[in-house]
Amino acid sequence: MSVGKVNRYCTDEVANNLRAIFRKPSDYPVLHKPVIFSSRGGLLRKSELNLKSVGLTDFDVSDLCGLAIRGSLKAYDVYTRGANDRRGRQAPAERPNRMQ
């Protein structure tokens, strides 16, 4: 794992929030394990084992896979429309009629 990611995500606030989410004592060590989802919600077996090792259930892992799909679709929508495409657009009623 890269040092930059550990420095960014391994803050005291993040570690304390993770302990609270998983209902662990404040001295419980927080491990940062990589998890890889595909854009179609697929999950590597090792990633699944990493998630289950921190106490997530099959239902929780399934929810995360569904969220990966939703996030991928939202990102694709922004990509196809363009991030700045909506700023200069006219509403459909304001567009000149080109059929005249």
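The values are calculated or read from the model by the stated rules, or taken from the named source; none is laboratory data. Since the structure is predicted, the reported quantities are computational estimates derived from the model, not experimental observations. Every residue, glycine among them, receives a Cβ derived from its backbone with ideal geometry; neighbour counts consider all protein chains shown.
Look at A15 and say whether it is surrounded by 13 or more Cβ atoms within 10 Å (Cβ to Cβ), over 14 Å from the mean Cα position of the chain (by Cα), assigned to a helix (DSSP H, G or I) and at pLDDT below 85.
Answer is yes for this residue.
Being within 24 Å of D12 (Cα to Cα), surrounded by fewer than 12 Cβ atoms within 10 Å (Cβ to Cβ) and either among the small types (G, A, S) or modelled with pLDDT of 80 or more (or both), is that true of even one residue in the stretch 67-81?
Applying the first criterion (within 24 Å of D12 (Cα to Cα)) to the stretch 67-81 yields none.
No; the residues of the stretch 67-81 include none that is within 24 Å of D12 (Cα to Cα), surrounded by fewer than 12 Cβ atoms within 10 Å (Cβ to Cβ) and either among the small types (G, A, S) or modelled with pLDDT of 80 or more (or both).
Considering only the stretch 20-54, state which residues are on the phi < 0 side of the Ramachandran plot, of a type outside the set (G, A, S) and surrounded by fewer than 10 Cβ atoms within 10 Å (Cβ to Cβ).
Narrowing the stretch 20-54 to residues on the phi < 0 side of the Ramachandran plot: 20-22, 24-40, 42-54.
If we keep only those that are of a type outside the set (G, A, S) as well, we get 21-22, 24-25, 27-37, 40, 43-46, 48-52, 54.
Selection gives P25, D27, P29, L31, R40, R45.
Residues that are under 27 Å from A75 (Cα atoms), assigned by TED's automatic domain parsing to the domain that holds L73, modelled with pLDDT of 85 or more and in a helix (DSSP H, G or I): does the stretch 26-44 have at least one?
no
For the subset of the stretch 57-72 comprising residues that are hydroxyl-bearing (S, T, Y) and assigned to a helix (DSSP H, G or I), which member is farthest from R40 (Cα to Cα)? Working first, answer last.
Pass one, the stretch 57-72, residues hydroxyl-bearing (S, T, Y): 57, 62, 72.
Now restrict to residues that are assigned to a helix (DSSP H, G or I): 62, 72.
Numbers: S62: 12, S72: 8 Å.
Per the stated criteria, the residue is S62.
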